[in-house]
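Here is the structure we will look at.
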Amino acid sequence: MQEITRPAKRFIVSSVSSDAHMWNLVFLQLLLEENGGEVTNLGACVPDQVIIDECREVRPDVLVLSTVNGHGHLDGLRLIRKIRSEPDLQDLRVVIGGKLGVRGAENVEFIEKLAEGGFDGVFESEGALSSFDEFLRGIGPTRRLGPAARPALEMQEAVA
Ligand code: B12
């Protein structure tokens, strides 16, 4: 019998430009890899333009930004506006999570503005990990597939 295998989802994990924290990135990389994803981890303090260039190079299914130093709501908004101003990156799925500000539980106030700026998902702190999991399960077939591969995947999904 012919086997049809779904290609792994491809992710870029990155911090934002001001943020030097790294274990958050390691955590996300392990989480995504344990779920079968392929991860390019750009590390900490990554300039906006490097993130944009890597997205063009890797063409991920999702760019996952993580930030915990409290400046994420500022760095994130600036970065997503740049990404969405690039015609070839307007459809890229981009999410951000971590400690988005320095206001603890009140950081949820930043979620709406970041979403309005163009993020597909905004996740505040550990409490949002279950929503992130739901987001990951909802992202469907990879966008890297050519049109010829799509019907096979759709058939496989209909049978499952
Ligand atoms: C270790 C550490 C450092 C180390 C980092 C070393 C390294 N190589 O990573 C050093 C000493 C460099 C550092 C520096 C600073 N730090 Co620091 N640091 C920490 C500390 C103690 C632990 C962070 C950590 O590794 N956690 C382990 C990881 C796995 O957990 P996490 O980062 O919380 O991530 C979880 C969630 O946030 C979430 N998450 C994170 N990202 C994402 C993304 C998505 C999509 C999703 C869904 C979820 C998600 O999931 C993760 C797992 O649960 C925290 C305090 C703490 N206990 O959290 C402070 C902390 C993050 N630091 C803080 C601060 C203020 C700083 C400095 C500004 C201090 C200073 N004045 O210089 C600098 C910033 C430097 C910079 N340019 O960014 C504050 C941030 C305040 C805030 N946001 O409210 C914290 C919270 C300490 C505090 N209570 O004040 N820090």
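Every read-out reported here was derived from the displayed coordinates using simple, explicitly stated rules and does not represent laboratory data. Because the structure is predicted, anything quoted here is derived from the model rather than measured. Heads up, the Cβs are rebuilt from the backbone with ideal geometry, glycines too, and the neighbour counts pull from every protein chain shown.
For the reader, a short list of remarks on this structure follows.
- All conditions but one from (1) within 15 Å of the ligand (Cβ to nearest atom); (2) surrounded by 14 or more Cβ atoms within 10 Å (Cβ to Cβ) apply to Lys113; the one that does not is (1).
- Among (1) without any contact (Cβ under 8 Å) to a residue 24 or more places away in the chain; (2) out of contact with any Gly (no Cβ under 9 Å at 6 or more places or on another chain); (3) within 15 Å of the ligand (Cβ to nearest atom) - the single one Val50 does not satisfy: (3)
- Residues (more than 6 Å from the ligand (Cβ to nearest atom) and in contact (Cβ under 8 Å) with a residue 60 or more places away in the chain) located in segment 12-27: Val16, Ser17
- Inter-residue pairs, beta-carbon under 6 Å, first more than 7 Å from the ligand (Cβ to nearest atom) and in segment 64-77, second among the aromatic types (Phe, Trp, Tyr), 6+ apart: His73/Phe110
- Residue within segment 79-100 that is aliphatic (A, V, I, L, M), under 17 Å from Ser18 (Cα atoms), surrounded by fewer than 19 Cβ atoms within 10 Å (Cβ to Cβ) and within 10 Å of the ligand (Cβ to nearest atom) present: no
- Among residues of segment 91-118 that are closer than 19 Å to Asn69 by Cα and in contact (Cβ under 8 Å) with a residue 12 or more places away in the chain, those with a beta-carbon under 7 Å from a residue that is within 12 Å of the ligand (Cβ to nearest atom) and among the basic types (Lys, Arg) at least six positions away or on a different chain give the pairs Asn107/Lys99.
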